[in-house]
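Below is one structure, written out as C-alpha cells; comments come after it.
What follows is calculated from the coordinates using simple rules that are stated; it is not laboratory data. This is a predicted model, so every value here is computed, not measured. Here Cβ is always computed from backbone atoms with ideal geometry, including for glycine, and neighbour counts include all displayed protein chains.
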Amino acid sequence: MFTRNGALVLLLVAVLFRLGSCERLRDRSYYKLPQAAFSACVRRFNGTHQAGCSSSLGGNVGRLIFADTAAELDGLSRDDTADAVLAVPAELFALQAAKLHGLPGGLQGLLVLYSESERDFTFDFAAKTGVNISEDSACPNDRLSAYRGSRGGSCSGPQASPAWNAAGTSAALLDWSFPVALVTKSEQIFTLKNCTQRESSLRHCAIELRTPMHGAASSVTCLRRPQYTSLISALTSISQLMHFCGPMGDLSLVWTASSTAMPTNTVRAPASVMLILARLDSFSMFASNSPASGTLTPAIAVLLAVANALASSSNGTTGRDVAIVFVNGDSWDYIGSQRLVHDLHGNQLLGESGQPARINASHVHSIIELGELSNLESMDQLAAYTDPSVYRVVNSTVDSHVKSLGLKSDALISDRKLPPASTQTFLRPPGSKESAPLQPVPALLLTDHKRDQGFRNRNYNSFADLRPTPSGVVQTLATLADRIATLASQFLTNSSAAKVDDNLLKAYVDCLQGDATCQHAISGANVTKSWLDKVYAATNSINGLIGAYVYEYQSRFLPNQGGNHLRYLTYLLLSNATGDIVPGVTKRSDCLALNTANDTVSAGLPVFYDLTSVSGASNNVSGVCLRLSLTALPAVSPIDSSDYNAWSGSGDFSTWTESQWETPTVRLFMRPTRSWGAAHLLFGVAVLLLSLQFVLGAKHGLEANFPVSVAP
Amino acid sequence: IRAGRLRERSRRAVRGAGQPARRCPASFSPSADTPGHHLPRPPRFASVAPDGSGVGPDEPFQPGRSPRIGEHTCGLLAELGYSEAEIRQLLAEGRAVQCSTDGSPQPASAAMTLLEFFGCSLISFSPALIMFIFTVANNPLKIIILTCSAFFWLLSLLLSSIVWFAVVPLRKQLVFSMVVSILFQEAIRIAFYFFIKRRRGAAAASSAGGSEPLTDADQVTLTAGTGRPVKILHLHSLSYVCGLGFGFMAGAFSMVNLLADISGPGSVGLGGEHEGFLLVSSVLALMFVFLNICWTVVTFVCIEDRRLYFLAYVWGSHLLCSLLTLLNSSASPLLSLVPIMVSLTCALIGLLLSLHLVEANLAGFFTSLVSPAWMLRVCRR
C-alpha cells in the first residue's frame, strides 16, 4: 500500500512539473547577464605574486551601488561599501584605479561600465573622454628588460623622462581583493541602473559576481600544488593530475623570404639573416576584452604588406634571407622573444623537417622592430631607437639602415635607452651575465614617439585600446612599408624589386580591425567575405573587437575557445600574403597528399583552407590549397615545469602563469534589507508562539470540557 | 616589550654581523656590492599601497585564514632591524610590498534572504507543525489517517491536472483550473469521508462486545470478536486530523516552490512583485491550512448528521477565498489585503460552525484559547 502510494506521489509530482508551464519565480527573480555582456577580471601569477581578481567559490554578493564621479566615490563611507558591489563608469575607473583598489575591506565586487557604443573602432577612448587608461605599469616589462639589475631598468638614465607608459596604472598587475567585471553592453548597463529605480526602504538591488579562480599565491605555488593532490589521484585512480594554473603563452609566427632558395638542410652564412619583428599580443585585466588596435594593428599591417611584397618579388640566391617574425606573449615579460632568443642561442630555431633552414645567433645580421605606429601622421614623426652602447659598436649598419629608410639624421635616437620592446631580449639574452655588455646586434626600433616623449598611445595594454588607425596614418604606413620592403629587398637580392601595394596595406588594417569587407582589396581569390566572417566568428570578435590576449599555452590550438585571436587572424592573413596557391587542387585530401617525404625541398607545406561559401549551401567542401613556408613556433617560457626554482623567478625567464577558472557568472536580483528580513522572521516567531498558546490552550480546554460522545 | 626587545636584538645582529636571513633564499638575494651581504629581493610588482599605509605593529593573528601577500612585510622588516621610516621608504619606493590587511574577501552573505526564508516558513507551517506535534504525533492511528488524507488531497490535484491537461483551450485560464481544482478537492473530501466511514464501520462490526471504558477522550477501544482490541477514532477528532492533512498539503503546494525560489542569494522583486509578496503568500498559505481543517470538520460532521445544507458554506467559502487570491497583483499591494481579510472571516465562521457542529462549549473554548491553564498542567507534571 505504502509503496504504491509513494509511486503515485512521484508520478504526480513528475506530471505536475512537466505540465507547469508558468514562469518560475526563480526565473523572474534573477537576471543573469549574458556571457557576451561582460568579461571578468582573471588571476595571473608571476614567480612571487598574484595579480588580478577572484571571487569566493560560491560567488560574492553585495548591494549594488553606483559612483559616477570622483566626488561620489570620495563620499562613500566604509559603511556604504561594506557588503556592496560598486559600479563605476570606465572613465572613473581609469582615473581612480588605485583608489578603487584600496577601497576598504567588505566591498564585495566592482563593476566597470563601458558601454557598447564606445566600443567600436570608430571610437577613441582617450580622445572622447579625455581620460587615459593603461593597465600596464609605467615602465612595462621592466623586470626582464635588457637594463635590469645594475643598469637600473629601461626607465632610468639619460633622457629618462617621461616614463615610457606615463598613463600606466598597473591595474592589471595589482592583486584585487574583490572580483571585478567589465560590463560592455548598453542594454545590460541600463538594466543595472534601472534596478535601483525599484529599490525601496524595504529591499534593494543586489548582484552576485561569481568568478572563482583555482590558483593562488604565485606561479611556483600553483604549479607545485598538483603534486600534493597526486596521492589522491593515485588512490582514486584519476590518471590526470589536477590543474590549477599553467604557463601563459601562444605561438610566434615566422616567415622567411628565401625558403624556396634555401632548403631545410642549408647551412646559413654568418650575418645573413635580417629579422623584422612586430608584436602580436596585448592584455587587460579582463582577459577576453584585450583589443590592441591602437598598439598593434599598424605594425602588423606593415609587416604583412612587407611580407607580401617580398613574396611577390623574385628572390635571388645571394645566400641572404629576411625573416618576418611576429612575436607573441611579449606583454608578459617578453615570453615570446625570450623563447625565440633561447632557441636562437641554443641553435634550435627552425631547421626541423618542413621548416626553413636553421637560424642561430651568429646568422643574425640586424633587427628591425616595429613598435607603436598608430600616431604616425607623417614620416617626419618616425623615430628610430637604438641602444647607445650597442650603437657605438655597430653604428655603420644602423646608419645605413636609417639612410635606406629615408630618415633624417635626427630621427635616430641613440642617446636614450630602448623603450620596452622585444629587441631588448635580443640585446641581452636570458642567462647572460649581468656584467657582460649587451649583444652588439644592429637593432632599430621604429616608433611614432620622439626623443622627449613616452608612448603616444595612452591606452597601451588596456580594455580601451581601440583607437582606429586614421587614413592619414595608413598613408604614412604605406610609405614606411614600402621603404622597409625596399631595404629588405636590397639586402636579399641587391635590387629594389619589392613594392608594397597601398590598397593591400589598407585592406590589412581593415581586416585587423574586424572589417570583413577588407577582402575586396586583397588580391587572389582565396579570401572571401564569408570566409573572413567565419574567421571573425571563430575569434569571438564582438563589434569587430579582436582579442589579443595570450591565454594559457595549452589552449593555443583552439582559436574559437582560447589562444590569441589576433595571432589566429594574422596567421590567416600571412598565409594569404605569402602562400602560393596550388592550381586545380580544391579538395582537402588532394591537398594533403602533396606533402611528400622530400622535405628538404622547401616549397612550403601544403595547407588546406576550407572556403565553403555561405551562399553555396551544399555540403561540398571546396577550398584552396596553399603552399606555405610559414612556421608557428612555441611562444612559451622554456622553463621546465618542475624547475620550481626557476618558476619562483630566480632566472631570466618570464614566470607568468594563468589560473584555471570556471565560467564566470553575474546575476542581478532584489534582496530584502536586513530589517525587512528580520521583520519576516519576527512575524514568523510570533505566529509560532501564538499557535503554541492556541493549540495547547484549546487542547487543554477541550480535554477538560469537551462533551465526549461515544461513537456508534 | 618582548617584540621590542627582539627587534632591538635583531637590529644589533643585523648591524653587527651584516648577514641577516641567510636561510631565506627566496626572500633575500646576495648583494652585488658587498660579497656575503644579503638584501631583500626586490618585488616583481608592487602589490598594493603606493601610499605606504599600514606600517605599524604586527597584525594580530586571525585564526582560520591564510596570510595575505605582504601582510607580514612590516613585521618581518622590523624584526630584521629596519626602522619605521626605512620601511615606509621601502614601501613608497615599491621595493617592499604591503597589502591592505583588512581586505580579505568575506564569504557571500545571503543572510537577509535567509531571514525571509525562515520567517515565511514559520508563518506558513509553524501552526500546522505545532498542531501535529501536540495533537497528532502521540497517536499512530492519527498519523496514518493524516498521511492518508494528505494522499487523497494529492489525488484531487492529480485529477484536476488531468482535466487541465485535457481541456486544451482553457489551459491558460487560471479561473477554470482553479474551479476544477476546488471541485475535485471537495469531491475528494466527501469521498474520503465515506472511505473512512467504511473502515470504521468494518472495524466496529467486527467487534463483538460492548465498548470498553474510554482510554482517551477522542478514541474508542472496541474489543474484537477474536478478543483483540480495536481502536477507532472519534469522528470529530478524525475529521480534524483529516483536515490537518488536507491543509498541510494545500499549504505545502502553495508555498514550497516559493520557499525554494527564495533560498538562494536573492529574493523576489525583480519581476515587479511588491515588498509584501512573500508575507501575503505565507499568510494566505496559513489561512488555507486553517480553512481546510474547518472545511473538513464541517463536511464530515454535517454528512454524518445529515445536515447537508452546511456544505454550502464549505463550497462557497472555498470558491470565494480561492478566487479572491486572483486579486493579488503587483500593481496594487493593498488589494492583497482583500483575500486575506475574507479568508480570515471565512476561517472564523468556519471555526464557529465547527464548534457548533461538534457541540463544544464556545465560551469555554475561547477562554481556553487565551488561558494559560495548560502551563499549570505542564508545571504540575
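Residues of segment A:248-276 with an amide N closer than 19 Å to a point placed 7 Å from the Cα of A:A632 along the Cα-to-Cβ direction: A:248-256. Near B:N292, once Lys and Arg are set to +1 and Asp and Glu to -1 for all other residues with Cβ below 15 Å from its Cβ, the sum equals 0. Separation of the alpha carbons by more than 28 angstrom is noted, of A:K403/A:K506; A:K699/B:K197; A:K450/A:K506; A:K417/A:K499, for A:K417/A:K499.
Placing one equal scatterer on every Cα of segment A:145-202 and applying the Debye formula, the log10 ratio I(q)/I(0) at q = 0.12, 0.15 Å⁻¹ is -0.61, -0.73. Note on segment B:327-381: Kirkwood hydrodynamic radius from all Cα pairs is 14.1 Å, rounded to one decimal.
Electrostatic bookkeeping for B:A250 treats Lys and Arg as +1 and Asp and Glu as -1; over the other residues with beta carbon under 13 Å from its beta carbon, the sum is 0. List residues of segment A:336-375, by number, whose backbone nitrogen lies under 18 Å from a label position 7 Å along Cα→C-beta of A:N265. Residues A:350-359 fall inside that zone. Enclosing the Cα atoms of segment B:237-369 in their convex hull gives a volume equal to 115 cubic angstrom per residue. Give me the number: length gained by fully extending A:A70 to A:L688, i.e. 0.36 nm times residue separation minus the C-alpha to C-alpha distance, one decimal in nm. Taking 0.36 nm per residue and subtracting the Cα distance, the gain is 217.5 nm. Taking label points 7 Å from Cα along the Cα-to-Cβ direction, B:L352 and B:L334 give a separation of 2.8 nm. Projecting the Cα atoms of A:G319, A:T386, A:L280 onto the charge dipole of segment A:268-414, computed from C-beta unit charges around the Cα centre, puts A:G319 farthest toward the positive end. For the pair B:A111 and A:S642, label points projected 7 Å from Cα toward Cβ lie 4.9 nm apart.
Per the Debye calculation on segment A:259-411 with a single equal scatterer at every Cα and no solvent contribution, log₁₀ I(q)/I(0) for q = 0.14, 0.15, 0.17 Å⁻¹ amounts to -0.84, -0.97, -1.22.
Taking the square roots of five times each eigenvalue of the Cα gyration tensor of segment A:334-399, the equivalent ellipsoid has semi-axes of 28, 17, 12 Å, listed largest first. Using R0 = 22 Å, the C-beta based FRET efficiency linking A:N494 and A:S362 works out to 0.50. For segment A:248-301, how big is the tail of P(r) above 12 Å, as a whole percent of Cα pairs? Result for the distance tail: 76 percent. Note on A:T586 and A:N503: with the Förster distance fixed at 25 Å, the Cβ-Cβ geometry gives a FRET efficiency of about 0.35.
Counting only other residues whose beta carbon sits under 13 Å from that of A:P162, what net charge do I get with K and R as +1, D and E as -1?
+4
The length gained by stretching the chain between B:A373 and B:A260 to full extension, at 0.36 nm per residue less their Cα-Cα distance, is 36.8 nm. Label separation (A:K408 vs A:A82): 6.4 nm, computed from points 7 Å beyond Cα along the C-beta direction.
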